[in-house]
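*Asks:* Here it is, the structure, as structure tokens.
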Amino acid sequence: KELQEINFDFDLLIVPDGGSADFQQHKQLKEMRKDILVLDHHKTFRFSEHAIVINPYVKGDKYPNKNLAGVGVVYKFCQALDDFYQIKSADSFLDLVACGNIADSMDLRELETRYLTLEGIKMLEHDRALFEQGETEGKCNKFIQAIIKSKKDKELKHINIESIGWKIAPIINGTCRAGEREEKIDMFRAFLEEEEERVYQPRRKVKTDPKPDPILVTLQEDMLRKCTNIKARQDKIVKNSSEKIEEKIIEKNLNENKVLMVDGTGVIEDKSLTGLIANKLASKYKKPVMILKKMSDDCYGGSARNFNMSPIESLLDLTNSLGTMESTGHPNAHGIKIHIDNLIPTRDRLNEILKDVEMEDVYWVDFEIPVGRLRKEDVLKVGKYSSIWGNTLKKPQFAITNITINASDVE
């Protein structure tokens, strides 16, 4: 929001997971005698003169681990508070640290990030086992507990990097992106473990059934149900918007370019969904995607996403090297800003730079195994290590060859 719209009844503003480069806002707040503490992990190339910025990417910072999510930087700050006040509280939040590092797709080959994530997973798995035995209380955050309880019988039989990324993170992320303001506030309150009983009217399983009696649920249980519905709502919007963007791609032959640059003005109403839609299209077309929306008469802004197994190591570095646009964020998932006069030159320059780069479906596999040598024991042995892979540490893939299939059996 613009600073004018904010209630300034505070002395200290803490900004987690962002704010490193908001130099103008820092200056304005400092002039109003407000202190600013930024706990961030996004790349920044200069110091802020008017805020305290804790960020491993700040120029001159010697902290070796650059692969902590914003939640990881907040955790390190909490550790410092523990040391200062002679207490031990930070580790009680490792379940949230694990979920945040996974949800933000951090590089889990980094030893410290991996350690913190696996320690958090131990807390989550401990609670899952308790709930399976009929216990009602666990160690984790109460909102996370509600998610585990609801999914422990099918979708979270095993809690690991992959299951958190697919079954826990999307529920929370969906509300952050597509929830109404009150829904976001209530989810935040659920994370803060506020206690509140709410009345819920269960639906009939069959239309002819009598109307069930209302029941009392906790704030956490109520928000889990609402967040799940928001995620479904978000999926529908993303699907419809993606189809409209694809119509533009086909109509204007945009797929002939090495990078798909599409004008989403008037198509994508909620800017928080732009990145999701770009990601979906990048996966489908196997090339980087930039979805832009008109910000003013002469400026476009939006989101850029690379695809898995892309030959481009960092789309962020590539776009910044052009000198025609501003790119900030993660290496392959970031925001962009570009002047209208630079749109065509940027597209042409990318086509030139990437003219010899092949972007196609290439599956890197660890082993190629003729079907006659495939053994059940080997499959089960690999499966035992499913807790190891996730995020940048990819699961192993195998090409099973020499399989004879009748054409009539192919669907």
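*Asks:* For the structure I just gave you, tell me whether residue 184 is basic (Lys, Arg), under 30 Å from residue 139 (Cβ atoms), open to solvent by 70 Å² or more (accessible area, probe 1.4 Å) and under 18 Å from the mean Cα position of the chain (by Cα).
*Replies:* On the way: basic (Lys, Arg): yes; under 30 Å from residue 139 (Cβ atoms): yes; open to solvent by 70 Å² or more (accessible area, probe 1.4 Å): yes; under 18 Å from the mean Cα position of the chain (by Cα): yes.
Yes; evaluated as a whole, the condition is true for this residue.
*Asks:* Can you name the residue in the range 141-171 that is of a type in the set (D, E, K, R) and assigned to a helix (DSSP H, G or I) and, of all such residues, is nearest to residue 69 (Cα to Cα)?
*Replies:* For the range 141-171, the residue satisfying everything is 162.
*Asks:* Which one of these is of a type in the set (D, E, K, R), touching a strand residue (DSSP E or B) at 6+ places or on another chain (Cβ under 8 Å) and under 26 Å from residue 317 (Cβ atoms): 59, 43? Lay out the reasoning, then the answer.
*Replies:* Details: 59 fails: touching a strand residue (DSSP E or B) at 6+ places or on another chain (Cβ under 8 Å).
Of the residues listed, the single one that is of a type in the set (D, E, K, R), touching a strand residue (DSSP E or B) at 6+ places or on another chain (Cβ under 8 Å) and under 26 Å from residue 317 (Cβ atoms) is 43.
*Asks:* Which ones in the range 283-322 are of a type outside the set (Lys, Arg), out of contact with any helix residue (DSSP H, G or I) (no Cβ under 6 Å at 6 or more places or on another chain) and within 16 Å of residue 243 (Cβ to Cβ)?
*Replies:* 283, 285 - these are the residues of the range 283-322 that are of a type outside the set (Lys, Arg), out of contact with any helix residue (DSSP H, G or I) (no Cβ under 6 Å at 6 or more places or on another chain) and within 16 Å of residue 243 (Cβ to Cβ).
*Asks:* Working only within the range 116-140, note down all residues that are of a type in the set (Asp, Glu) and either part of a helix (DSSP H, G or I) or touching a strand residue (DSSP E or B) at 6+ places or on another chain (Cβ under 7 Å) (or both). Steps first, please.
*Replies:* We begin by selecting, within the range 116-140, every residue of a type in the set (Asp, Glu); these are 119, 125, 127, 132, 135, 137.
If the condition is that a residue be of a type in the set (Asp, Glu) and either part of a helix (DSSP H, G or I) or touching a strand residue (DSSP E or B) at 6+ places or on another chain (Cβ under 7 Å) (or both), then 119, 125, 127, 132 are the ones that fit.
*Asks:* Can I ask one more? Counting only residues that are open to solvent by 60 Å² or more (accessible area, probe 1.4 Å) and part of a strand (DSSP E or B), which one in the range 24-55 is nearest to residue 71 (Cα to Cα)?
*Replies:* By that ranking, first place goes to 54.
*Asks:* Taking the range 66-109 on its own, how many of its residues are open to solvent by 10 Å² or more (accessible area, probe 1.4 Å), of a type outside the set (A, V, I, L, M, F, W, C) and over 13 Å from residue 39 (Cβ atoms)?
*Replies:* Count: 14.
A quick yes/no check of all residues on (1) within 24 Å of the chain's Cα centre (by Cα); (2) open to solvent by less than 80 Å² (accessible area, probe 1.4 Å); (3) under 18 Å from residue 258 (Cβ atoms):
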position: 321; (1), (2), (3): no, no, yes
position: 329; (1), (2), (3): yes, yes, no
position: 341; (1), (2), (3): no, no, no
position: 357; (1), (2), (3): no, yes, yes
position: 371; (1), (2), (3): no, yes, no
position: 386; (1), (2), (3): yes, yes, no
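*Asks:* To continue, here is another question. If you check 293, 284, which single one turns out to be open to solvent by less than 70 Å² (accessible area, probe 1.4 Å), among the charged types (D, E, K, R) and either touching a residue at least 12 places away in the same chain (Cβ under 8 Å) or not in a strand (DSSP E or B) (or both)?
*Replies:* Sole residue among the options that is open to solvent by less than 70 Å² (accessible area, probe 1.4 Å), among the charged types (D, E, K, R) and either touching a residue at least 12 places away in the same chain (Cβ under 8 Å) or not in a strand (DSSP E or B) (or both): 293.
*Asks:* List every residue pair whose Cβ atoms sit under 6 Å apart, with the two residues 6 or more apart in sequence or on different chains, where the first one lies in the range 373-396 and is of a type in the set (Phe, Trp, Tyr) and the second, anywhere, is not in a helix (DSSP H, G or I).
*Replies:* Here the result reads 389/395, each pair linking the range 373-396 to a residue that is not in a helix (DSSP H, G or I).
*Asks:* A follow-up question, please. Specify which of the listed residues (235, 213) is part of a loop (DSSP other than H, G, I, E, B) and charged (D, E, K, R).
*Replies:* Checking each option against the conditions leaves just 213.
The values are calculated or read from the model by the stated rules, or taken from the named source; none is laboratory data. Note that this is a predicted model, so its numbers are computed, not measured. Here the Cβ is made from the backbone with ideal geometry for all residues, glycine too, and neighbour counts use every protein chain on show. Protein only, heavy atoms only, side chains kept; ligands, DNA and RNA dropped before computing areas. Shrake-Rupley method; radii C 1.70, N 1.55, O 1.52, S 1.80 Å.
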